[in-house]
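So that we are looking at the same thing, I have put the structure below in structure tokens.
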């Protein structure tokens, strides 16, 4: 014969599991940004080999096809990029801040290679925090970018794709003890 408490525990566990699975459902996102020429930009050549340098630059961007997160459109994006230049290629590591229509901010990290000859960059990004409704997002995706010219620090456009999930819902309250 089943104990009522045993059935209650099973039901609460099933409810908590189903709510957690629903809370972890991922939402697909995509968008495009258009970024201005770097300002500021600093580059330091590494003297042990030709074409090797470290650079840091900041780009101010607008979302031409806004990414929508938690039902809120992205408006602006500021990206600070650290670049390790190796001849006509290299690797970028960046931190970005997107401001959304309601004033919330989403923080991202990006990394990937660039090709100076093809004037392209691609890589991965991940959510790294935020404010308001965006403070507990998890997720990430990929980006592909094209620079506007071969000039160092030139502006660029990027297409972004990915997905996110909000935090899982809190567990249901514990059953009262008898």
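Would you mind checking segment 56-76 for residues with the amide N under 15 Å from a putative spin-label position 7 Å along Cα→C-beta of residue 28?
Within reach of a label on residue 28, which here means backbone N under 15 Å from a point 7 Å along Cα→Cβ, segment 56-76 contributes 68.
On to the next question. How far is it, in nm, from the label point at residue 39 to the one at residue 82 when both lie 7 Å from their Cα along the line to the Cβ?
Going from the residue 39 label point to the residue 82 one covers 2.5 nm.
None of the figures in this text is laboratory data; all of them are computed from the coordinates on show. In this text, all values refer to a predicted model and were calculated from it rather than measured experimentally. Here the Cβ is made from the backbone with ideal geometry for all residues, glycine too, and neighbour counts use every protein chain on show.
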